[in-house]
1. If I ignore ligands, DNA and RNA and count only protein heavy atoms, how much of Ile150 is accessible to a 1.4 Å probe, in Å² to the nearest 10?
2. When the chain is modelled as a GNM with alpha-carbon springs shorter than 10 Å, which of Ala172, Ala111, Ala85 fluctuates the most?
3. Tell me, what is the 1.4 Å probe accessible area of Ser60, in Å² to the nearest 10?
4. For region 37-151, what D do you get in µm² per second when you plug the Kirkwood radius from alpha-carbon pairs into Stokes-Einstein at 25 °C and 0.890 mPa s?
5. With a Cα-only, solvent-free Debye model of region 21-87, what are the log10 I(q)/I(0) values at q = 0.15, 0.22 Å⁻¹?
6. Per DSSP H run of at least 4 residues, take -39500 (n - 2.57); add these up for the chain, divide by its residues and hand me the 222 nm value, nearest 500 deg cm²/dmol.
7. What's the longest piece of the chain with no exposed GluC sites (Glu not before Pro), counting a site as exposed if DSSP puts it in a loop and it has at most 15 other beta carbons within 10 Å?
8. Can you compute the FRET efficiency between Ala144 and Asn166 using 1/(1 + (r/R0)^6), with r the Cβ-Cβ distance and R0 = 41 Å? Round to the nearest 0.05.
Amino acid sequence: VEPDEYGEWATALADVPNKAVIDMAGGDFGCDALRIFPERVAGSYWLDYMIPMLGLDVRSVAVGRLRTLLTPAARRRLGISSTAALMRYIRDIQAPVGEADTRSPQVVQLADDLRPVLLALESWATYEFTRAIFDDTLPIPDLAALDVTIWQTGSLDLPDAEEMANPHMYAALSDRQRASIAIYGMLVRLARVSFFNNTRRFGLIVLEEAGP
């Protein structure tokens, strides 16, 4: 993990053929938790990073409903394989425009409860710096097959330790900073999970200037 676009790690490891240099907020790779993590933990990891970013109350009815949708069984049944697919599902169960409403009472209630989630997701999807989360056409790096991955944080706007620890300063973080926290958290967690998943292969993990 290095902070520069053309940092020393990318230079030092330039002759390694089987590698990926990944801009954490760039448009080359996706970092959607529902796509990058194993199915059994993808939904809970999504909630860990996306709910604070979206600014939703973790105790709200909307998040409670969302949590039930993101269980492995529910995602398989409903075809929710990405954040974009989640948005499509919530959008599809909303009241039809200009047509007779044939939805069941249960679906009507679910749609009403999830409307704040859809509005928040649609708003955040408009930013260019969240494309890695919302664009499900971006490839996911195959970390198990790569010898080296270099994660570059220069495009992120990470808050410092005081801003993270102080509730008033944290509440005043910009949307770009909140997205940076989510993206950084997801990808560093992915790197660690992948790294420690293979106990039969030697590896080296370096987190340089990753204090924030």
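1. Per-residue accessible area (Ile150): approximately 10 Å².
2. Of Ala172, Ala111, Ala85, the Gaussian network model singles out Ala172 as fluctuating most.
3. Estimated to the nearest 10 Å², Ser60 gives 40 Å².
4. 157 µm²/s
5. -0.49, -0.96
6. -15000 deg cm²/dmol
7. Here the longest run is 100-207.
8. Efficiency, from the Cβ-Cβ distance: 0.60.
The values are calculated or read from the model by the stated rules, or taken from the named source; none is laboratory data. In this text, all values refer to a predicted model and were calculated from it rather than measured experimentally. Heads up, the Cβs are rebuilt from the backbone with ideal geometry, glycines too, and the neighbour counts pull from every protein chain shown. Quick note on the areas: whole protein, heavy atoms, side chains included, nothing else; ligands and nucleic acids left out. Shrake-Rupley method; radii C 1.70, N 1.55, O 1.52, S 1.80 Å.
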